[in-house]
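Taking it in order: structure first as structure tokens, then the write-up.
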């Protein structure tokens, strides 16, 4: 197991089974899956309706080659996704992972401009302190220095703007007197490199691993949308984490009332039951391909396979019939209230931020100066390890401050979690932070 042996946090225990919001190890010890696997498990583990849908489809047919047959579950899935997506998005392209979806979106944007007679538009802009995947194209648009550094010679050197993370403002300014300079930086960089060369701008609506659940100010995305429209730049919204309810809306960008040109999503649509991803595309893009008769030269053997499609349909059924997206919004208020109540007093907790059931807990060694721990101490990895020993799962991440320093622990429980279990999980994290502080302060 090469990736396990040489991973950043080699596992020490076997996950034997899961049930609801809990995972169990080989000794039947129970853990609260407070990171949702990370950020994937929306319905909880072992949902009976999803298991039944998977089995029923396997009993019919598990696989056929997508180029030779129509796929009824996939056609229905596309219709269901379009119904909950922003109104301008009318077509779906399916993939197997978030990285694949983001690679696909880069290529769709590129070919869109080629087909409309602007082949010089190739450059994809994005943000520092961002993460869009591990494949080379997705890593090229990721502004996460530590994930990039060993592969840097192989990556596209496309420009990036600072993240809209007020806690570590790249300009040393305070909102609202800053005039949202982090958003206006997009227009500046487009003009610097030449608008005629810029294909798209990639962003996460609420930050993930790169910014520990950064939430931009209300004006940010409307300004970004206006700039993209002005320079004929496609706005691509990476909803791999946020999509399908995690922030309390079907898609995170809905909190800002902005319609992107392309959405990518993966984790939440699967609930963790199967590999699957989707690229949801504006009808204006599809129209260009239709009018020119162009084919999109792209695809993956396993994309949109019938078992994965049937599984995702069942996940969406549960989300809709049990009102879990709305529940995520309501429960999110309690989640953040309790998180701040139980954790904010710790001297190592710099800020708690996020939306819905997606929370970032930034770790600092000096709260007043917002000073991060030395990266060599691997603070977030150590906290994750301590928390797991206490029986609660969190997701460690680094590079929060300017992409090169800063630690955080992310938590994102299943949407079915209850208030008493939220209380218990934060009590366990409280105890873990106390142990962490004895070791690190």
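Quick note: the coordinates plus some simple rules give every number you see, no bench work behind them. Computed from a predicted structure; not experimentally measured. Note that each Cβ is placed from the backbone with ideal geometry, even for glycine, and that neighbours are counted across all protein chains shown.
For the peptides 412-421, 86-95, 284-293, residues were scored by their other Cβ atoms within 10 Å and the scores averaged per peptide; the highest-first order is 412-421, 86-95, 284-293. For the chain, the relative contact order is 22 percent, taking Cα pairs closer than 8 Å that sit 6 or more residues apart in sequence and dividing their mean separation by the residue count.
In which sequence would 265, 97 go, from the one with the fewest C-beta neighbours within 10 Å to the one with the most?
On the way: 265 28, 97 20.
Arranged by neighbour count, lowest to highest, 265, 97 become 97, 265.
When ranked by the protection proxy of mean other Cβ atoms within 10 Å per residue, highest first, what sequence do the peptides 205-218, 327-340 form? Could the numbers behind the result be given before it?
Working: 205-218: 25.5, 327-340: 17.7.
Listed from highest to lowest mean packing, they are 205-218, 327-340.
Model label points for residue 317 and residue 381, set 7 angstrom from Cα along the Cα-to-Cβ axis, are 4.3 nm apart. Extension gain, residue 76-residue 366: 0.36 nm per intervening residue step, less the Cα-Cα distance, totals 99.2 nm. The gain in end-to-end length when the residue 135 to residue 404 segment is fully stretched comes to 94.8 nm, 0.36 nm per residue minus the alpha carbon separation. Adding -39500 (n - 2.57) for every DSSP H run of four residues or longer, then dividing by how many residues the chain holds, sets the calculated 222 nm ellipticity at -11500 deg cm²/dmol.
Between residue 344 and residue 171, the FRET efficiency from the beta-carbon distance, with R0 = 22 Å, is close to 0.25.
In this simple spin-label approximation, residue 290 and residue 427 carry label points 7 Å from Cα along the Cα→Cβ vector, and these lie 5.8 nm apart.
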